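Down below is the structure, laid out as structure tokens.
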2 protein chains.
Amino acid sequence: MKGNFVYANPTKLYFGDEAQKNLADALKNFGKKVLLIYGGGSIKRNGVYDDVIASLRTAGKEVVELPGVMSNPTVDKLNEGRVVARENNVDFILAVGGGSVIDYAKAVSVAAWYDGDAWERFWVKQEDPQPGERIIPVGAVLTMAGTGSEMNGGSVITNHAANMKIGKVFGEEVFPKFAVLNPVYTFSLPHYQMVAGIFDCMSHIMEQYFSGDDDSTSDYLAEGLMRSVIASSLVAVKDPENYEARSNIMWSSTWALNTLIGEGKTQDWMVHMIGHAIGAYTNATHGMTLSSVSVAYYRHVMKYGLSRFARFARVVWDIPAEGKSEEQLASEGIDALADWIKKIGAASEISSLGVTPEMIDGIADATIIFDAGYKKLTPDEIKEILRHSL
Amino acid sequence: MKGNFVYANPTKLYFGDEAQKNLADALKNFGKKVLLIYGGGSIKRNGVYDDVIASLRTAGKEVVELPGVMSNPTVDKLNEGRVVARENNVDFILAVGGGSVIDYAKAVSVAAWYDGDAWERFWVKQEDPQPGERIIPVGAVLTMAGTGSEMNGGSVITNHAANMKIGKVFGEEVFPKFAVLNPVYTFSLPHYQMVAGIFDCMSHIMEQYFSGDDDSTSDYLAEGLMRSVIASSLVAVKDPENYEARSNIMWSSTWALNTLIGEGKTQDWMVHMIGHAIGAYTNATHGMTLSSVSVAYYRHVMKYGLSRFARFARVVWDIPAEGKSEEQLASEGIDALADWIKKIGAASEISSLGVTPEMIDGIADATIIFDAGYKKLTPDEIKEILRHSL
């Protein structure tokens, strides 16, 4: 475990097929006026909305609704939410949905009472709220597993005018106070969204895993999570109502990105940076932008982190090491990842997401480049990876 | 993930070789009068005491000292601490030491302002504190890795007069508010204590792992932790000042017993129950009571949970499965565990801890029997396991 760090995660998780029964009680700790944020209205068709409204009534809350949060929530939508939260002087925000809805709720939470340009300050300049600044507390009812937004401070906002999609990671004061995790709530999700969430979760783990060559407990935990996600995903794609598989995926997604497996180590995050740039250009589903560039990206950086990729093959994919060079083993691990992407039906090609060869230069230029993985990429290398992903 | 559960862990962890620099700040959130609890005084020789006193001064605290907490803290010592806490009307308890000191601090925390017989109520009858009852908040500075007490509600107290050693698991209101985890603080620990802590940690993981035959993310996380503990322990026994190994062991120990890897599954805990009975009779070091009965216990229950033991061999110990029966593979996993116990120098025989054949009936009768592992033991089976462990 490298360096000095603080682990603090105050989010309380209510998990299980009756998790929503805790919602009314959980809400009692917060003020009367609740801003209810959700997406396109699928929660009205699958019964989740009714469950939530019943709990809000039981808890004696006054409800202001803010529907219509899109996937890849935008700055314009953020500004709309900011006004609604402020004009209604809400005490609490309840986000009901997947990562986009919860990310958006956190954005409204910090932006509502900030008078300046919140996009500029929190996302572009990556500043943090200061002590004393008013943050509206957030709670979450999760309906899609994958992003981990239910137990962290992450909030990705898209600015289409600027072709920018930026993730901000807020501190524990912005983490949801609680999250209701009922795996059954994810059953009605379209297959494509379920698969995108599964890959998003896997990608979060890989982004933290493929960095550093030290021996760290965090990487062993990451391996355990990856093994579980792989096993459960293969069940879930055939039998989406398999509770065991869906509950494992939901739990793994939360723990894949709640800071635990990234503690005491460096992290990569270049797949997400490329994926965000693709998302800014195409509005494609986040998880699919990741799956479609991962294989080319990992093949490209493999030689710079050979022993970690060999370990990935051996421990995560159970590939026998005997008689193989480290390079061969490492390469077979990435083959296994590519096979798995096909098996679960995640996107393998960015062309299927609407990326054209003409967009590649722009996407590469829009990609924020970090230097914590096995190889600091140049824009030319990103273009090469994108061309291999077409 | 089976059943419905709540995950809430409010303990804030300061980790790293400079973790103690956060102590003064962490203390600022609590009242002026601090009860400083520690053990036999080793912290005065290794500099930890000086670090802590300096931080208490910086934070402007008034300090009342309560030294002399023994391993396996007793009811008599608890009653002493209760009086000291109460007479001095302390606002906060700072525990500096290993699991015994932190367990003891939690016991004083709940017992101080309870007027009746705390041992009878909280440990024998396993009751919880009620809302509104006064609990003194606890913080911890860890000097020995193993028990996990720094991030959970566990508190094991021994009553020698009754030959009873009972663990109580309190709720989140009794968890330490924060814990300072500096791996360097564990460097001066005697080798025997380090090894006992390592086995204690491994045993916590195995107690949660060897139960249930479902596919659960928790078991995959457990496998990751076990792999990390095994790898780092083999380094640490040869090179106790290897920071990487000791930091992994410290972090793994915390996560082995902070509720995470036990969520959504049944758990066993029979090795601990037998170990506690041995401890009540002999006052042997906790971790060594566990190591000396584990192999006989697991050989005894193996056939009732064969597929889990085979998985343990394959995933945790990397034993090739090819061409082997499940039984053979499972058995080789327990062989590997036995080898590892010898390699790290943990106790393999209860006779080395002072257990005589004459004690066996008494220890078996004093063992609390649970029914959540692969086989509910009878007292006769416990006697057999103890005889095999002599």
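Quick rundown of the values:
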| item | result |
| --- | --- |
| Calculated FRET efficiency for the pair B:Glu384/A:Ile135, C-beta based, R₀ 56 Å, to 0.05 | 0.40 |
| Accessible area in square angstrom per residue, segment B:37-146, 1.4 angstrom probe | 39 |
| Between segment B:10-27 and segment A:93-154, the alpha-carbon center distance in angstrom | 27 |
| For chain B: relative contact order, % (alpha-carbon pairs under 8 angstrom, 6 or more apart) | 16 |
| Peptide ranges A:275-283, B:370-378 listed from the most packed, as the mean C-beta count within 10 angstrom indicates | A:275-283, B:370-378 |
| Candidate lysines - alpha carbon under 17 Å from B:Lys324, same-chain residues fewer than 8 apart omitted | B:Lys303 |
| Separation between Cα centres of segment B:291-322 and segment A:335-387, rounded to whole Å | 43 |
| Farthest toward positive dipole pole in the protein assembly as shown [+1 Lys/Arg, -1 Asp/Glu at C-beta], among B:Phe312, A:Ser211, A:Val63 | A:Val63 |
| Dipole moment magnitude, nearest 20 debye, segment A:258-390 about Cα centre, only Lys, Arg, Asp, Glu C-beta charged | 240 |
| Taking segment B:78-141 and dividing mean pair separation by its residue count, relative contact order in percent (alpha carbons under 8 Å, at least six apart) | 47 |
| Calculated FRET value between B:Lys33 and A:Tyr114, using beta carbons and R₀ = 35 Å, to 0.05 | 0.30 |
| Estimated distance in nm for a label pair at A:His160 and B:Lys2, the labels positioned 7 Å out from Cα along Cα-to-Cβ | 4.9 |
| Rounded tilt (10° steps) of B:379-388 against the dominant C-alpha axis of chain B | 80 |
| Simple spin-label estimate for A:Asn46 and A:Asn79 in nanometres, 7 Å along Cα-Cβ | 3.2 |
| Prolate/oblate/rounded label for segment B:44-201 (Cα gyration tensor, a/c 1.5) | oblate |
| Förster radius 30 Å - calculated FRET efficiency between B:Glu241 and B:Ala54 (Cβ-Cβ, nearest 0.05) | 0.80 |
| Overall form of segment B:323-390 per C-alpha gyration tensor (a/c, 1.5; a/b vs b/c) | oblate |
| Degrees, to the nearest 10: A:99-111 long Cα axis against longest axis of chain A | 60 |
| Prolate/oblate/rounded label for chain B (Cα gyration tensor, a/c 1.5) | prolate |
| Spacing of the two label points (7 Å from each Cα toward its C-beta) at B:Met70 and A:Asp318, in nm | 5.0 |
| Exercise: per-residue mean of other protein chain Cβ atoms within 10 Å, B:208-215 | 1 |
| For chain B, size of Cβ-based charge dipole, Lys and Arg +1, Asp and Glu -1, in debye | 660 |
| Cα principal axis extents for segment B:275-390, largest first, Å | 44, 30, 19 |
| Distance from segment B:174-211 to segment A:192-266 (C-alpha centre basis), Å | 26 |
| Bridge type composition, chain B - antiparallel percent by DSSP, nearest 5 | 20 |
| Cα long-axis angle, helix A:326-344 against chain A (0 to 90 degrees, to the nearest 10) | 40 |
| Rounded to 5, the percent of DSSP beta bridges in the protein assembly as shown classed as antiparallel | 30 |
| Whole-percent carbon and sulfur share, accessible surface of chain A, 1.4 Å | 49 |
| Potential extension, B:Glu18-B:Asp91 segment - 0.36 nm per residue separation minus Cα distance | 23.7 nm |
| Under 15 Å from B:Lys383, Cα to Cα: aspartates and glutamates that are on another chain or at least 8 residues apart | B:Glu349, B:Glu358, B:Asp361, B:Asp365 |
| Dipole moment magnitude, nearest 20 debye, segment A:163-214 about Cα centre, only Lys, Arg, Asp, Glu C-beta charged | 340 |
| Computed helical MRE - 222 nm, the protein assembly as shown, DSSP H runs ≥ 4 contributing -39500 (n - 2.57), nearest 500 | -13500 deg cm²/dmol |
| Buried area at the A-B interface (accessible, heavy atoms, 1.4 Å probe, summed, Å²) | 3500 |
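The values are calculated or read from the model by the stated rules, or taken from the named source; none is laboratory data. Remember, it's a predicted structure, so these values are computed and weren't measured experimentally. A quick note on method: Cβ atoms are made from the backbone with ideal geometry, for glycine too, and the neighbour counts reach across all protein chains shown. Each accessible area value is taken on the protein alone, full model and side chains, heavy atoms only, with ligands, DNA and RNA left out. Shrake-Rupley method; radii C 1.70, N 1.55, O 1.52, S 1.80 Å.
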